[in-house]
1. Can you give the helix-only mean residue ellipticity at 222 nm for the chain, where every DSSP H stretch with n ≥ 4 adds -39500 (n - 2.57) and the sum goes over all residues, rounded to the nearest 500 deg cm²/dmol?
2. Would you be so kind as to identify which of Gly73, Ala91, Gly175 lies farthest towards the positive end of the dipole of the chain, taking Lys and Arg as +1 and Asp and Glu as -1 on Cβ and the Cα centre as origin?
3. Take the Cα coordinates of segment 134-233, assign each an equal point scatterer, and use the Debye formula without solvent to give log10 I(q)/I(0) at q = 0.19, 0.24, 0.25 Å⁻¹.
4. Taking the mean number of other Cβ atoms within 10 Å as a proxy for protection, how do you rank 115-122, 126-133 from highest to lowest?
5. Quick check: the distance between the Cα centres of segment 95-117 and segment 146-221, to the nearest angstrom?
6. About the Cα centre of segment 88-133, how large is the charge dipole given +1 on each Lys and Arg Cβ and -1 on each Asp and Glu Cβ? Please answer in debye to the nearest 20.
7. Using the crude model of +1 on Lys and Arg Cβ and -1 on Asp and Glu Cβ, and no other charge, please compute the dipole size for segment 87-174 relative to its Cα centre, in debye to 20.
8. Where both residues lie in the chain, what percent of DSSP beta bridges are antiparallel, nearest 5?
Amino acid sequence: MSVLDPLAARYASWLGLPAEETALPEAAPGEVRAMPVILRLEKAEPPARTPLLEAAATAALAVCLDERAQPGGEWHEPVHDWVSGHIRKVARRARGAHWAAAQDFPGITVTTGGAEVRALVPGRVVDVPKEIGRLQISGSDLPPDEPGPAADDLPLLLLNPEVAMTVGKAAAQVGHGTMILASLLGAAELAAWAERGYACAVRTATIGQWKQLHPGDDPAGAWRERRVVAVRDAGFTEVEPGTVTVLAQWR
């Protein structure tokens with residue numbers, strides 16, 4: 001049994017919902033839960049965009065599949081309660097002392113290509129510690145980079161080429177992608193991915209790639225035939241409800 005089981009159970013029906021229904025609240029305002037995702041953005045030497053997104057995608061999943069998040073573990077209850085509803089993530093930026101302070105809160109830090117991201121154990125938004133709540137959500141971005149071809153032996157997360165997203169929004173979306181992907185994998189595949197530290201590749205899709213891989217109205221067929229899942233956003237920030245922001249492919 002995995003803490004991600006509720007997500008696997010909801011995936012196909014979620015993708016098939018009318019767009020306006022994806023944004024319906026699932027909890028009272030005081031019970032809304034989210035995973036804080038802290039992006040290290042030092043002013044003098046900011047990271048490249050792609051490694052930062054890859055670190056974010058890995059960190060979010062690593063928290064969910066850490067032994068502490070499994071039944072009986074100290075993180076299990078908050079992770080399970082969060083995964084059972086909207087898997088909201090709130091990306092915040094930090095540098096210097098504020099980045100150092102974020103390391104004191106339960107979570108996992110991932111470093112990829114010089115970029116660092118710390119995903120924290122999710123909880124109620126109203127309970128976010130003040131040291132985390134004061135970190136800014138918006139106001140910064142990173143320019144596009146040229147990461148080169150993705151490795152063939154890593155799961156691939158493709159950003160929608162026709163939807164503009166800030167680095168914070170994209171970081172949340174690729175984290176959704178790795179979680180949905182992992183929820184559908186078998187035990188052997190998941191174990192093999194764990195051995196590689198849940199590493200993944202993030203790229204912006206070409207129009208052709210996007211059209212070829214998109215599940216359309218057959219998410220079950222897309223998973224069976226192309227090993228692809230889609231992240232469909234609830235539309236709380238930046239994009240319209242129902243927008244498919246990321247395609248995640250197991251390779």
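1. On the way: 10 runs with 94 residues, N = 251.
One gets -10500 deg cm²/dmol as the mean residue ellipticity at 222 nm.
2. Of the candidates, Ala91 comes out farthest on the positive side.
3. Calculated log10 I(q)/I(0) at the listed q: -1.08, -1.51, -1.57.
4. Working: 115-122: 24.6, 126-133: 13.2.
In decreasing order of mean packing, 115-122, 126-133 become 115-122, 126-133.
5. Value for the Cα centre distance between the two parts: 23 Å.
6. Details: 8 positive and 4 negative charges, 47 e Å.
About 220 debye.
7. Numbers: 10 positive and 10 negative charges, 128 e Å.
Here segment 87-174 has a charge dipole of around 620 debye.
8. Details: 20 of 30 bridges.
Once the DSSP bridges in the chain are tallied, antiparallel ones form about 65 percent.
A short reminder: the numbers here are calculations on the coordinates, not readings from a lab. This structure is a prediction, so every number in the text was calculated from the model and none was measured. A quick note on method: Cβ atoms are made from the backbone with ideal geometry, for glycine too, and the neighbour counts reach across all protein chains shown.
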